[in-house]
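Undergrad: Input: one structure, supplied below.
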Amino acid sequence: MIIQNLITVPTTDETDIIDITSPISNKIMEADFKNGAVFLFVPGSTASLSTIEFESGVINDLKKAIQRIAPDDIWYEHNEKWGDGNGYAHVRAALLGPSLQIPVADGKMLLGTWQQIVLLDFDNRPRKRQVLIQFFN
């Protein structure tokens, strides 16, 4: 059986790293989903999903690492073609990926003690991102 749902997350025009663990947990409870896996996917080519300890030091470290890997202030061919200035956002999202799969047992995601699910939005304009949620058992 597959149960499908979604959450909507507003973002800014910066590199946003947003903890979405609680809304995902709430959807699991609402669906009365007990055992299996939850699959998460963010549509779009300038956002991604990951897990991290959602703590300000780690968040800032991750933002700095992302900036070093795919800086927002260098030339990207994408910007020449479309003129939207978000070539860096596409590269960042491609490196981290748009999906996650997390096991669920007894209605709870089997995340580590310091592990939260995060939405990363790299685009240079505010968005209302949707995260698609599918429960599999």
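Undergrad: With the requirement that a residue be closer than 17 Å to Leu111 by Cβ and in contact with an Asp or Glu (Cβ under 6 Å, 6 or more places away or on another chain), what does the stretch 35-63 give you?
TA: Residue satisfying the conditions is Phe54 alone.
Undergrad: For the stretch 1-44, list the strands (runs of 3 or more DSSP E) that sit wholly inside it and hold at least 2 residues that are out of contact with any helix residue (DSSP H, G or I) (no Cβ under 7 Å at 6 or more places or on another chain) and without any contact (Cβ under 8 Å) to a residue 24 or more places away in the chain; which are they? Walk me through how you get there before you give the answer.
TA: Working: elements: 2-11, 16-19, 36-41.
Output list is empty.
Here's the yes/no breakdown for (1) more than 30 Å from Met1 (Cβ to Cβ); (2) more than 16 Å from the chain's Cα centre (by Cα):
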position	(1), (2)
Asn35	no, yes
Thr51	no, no
Phe54	yes, no
Gly57	yes, yes
Ile66	yes, no
Pro71	yes, yes
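Undergrad: Scan the stretch 82-137 for residues that are closer than 14 Å to Ile18 by Cβ, surrounded by fewer than 19 Cβ atoms within 10 Å (Cβ to Cβ) and charged (D, E, K, R) and jot them down.
TA: Arg127, Lys128
Undergrad: Now for a different question. If you go through the stretch 50-64 one residue at a time, do you hit one that is surrounded by 18 or more Cβ atoms within 10 Å (Cβ to Cβ) and touching a Phe, Trp or Tyr at 6+ places or on another chain (Cβ under 9 Å)?
TA: No.
Undergrad: Give the residue, chosen from Asp61, Asp106, that is in contact (Cβ under 8 Å) with a residue 40 or more places away in the chain, over 18 Å from Asn124 (Cα atoms), of a type in the set (D, E, K, R) and out of contact with any strand residue (DSSP E or B) (no Cβ under 9 Å at 6 or more places or on another chain). Working first, answer last.
TA: Details: Asp61 fails: in contact (Cβ under 8 Å) with a residue 40 or more places away in the chain.
When all the criteria are applied, what remains is Asp106.
Values in this text are rule-based calculations from the coordinates and carry no lab data. Everything numeric in this text was worked out from a predicted model, so none of it was measured. Ideal geometry is used to build each Cβ from the backbone, glycine not excepted, and the neighbour counts take in all protein chains shown.
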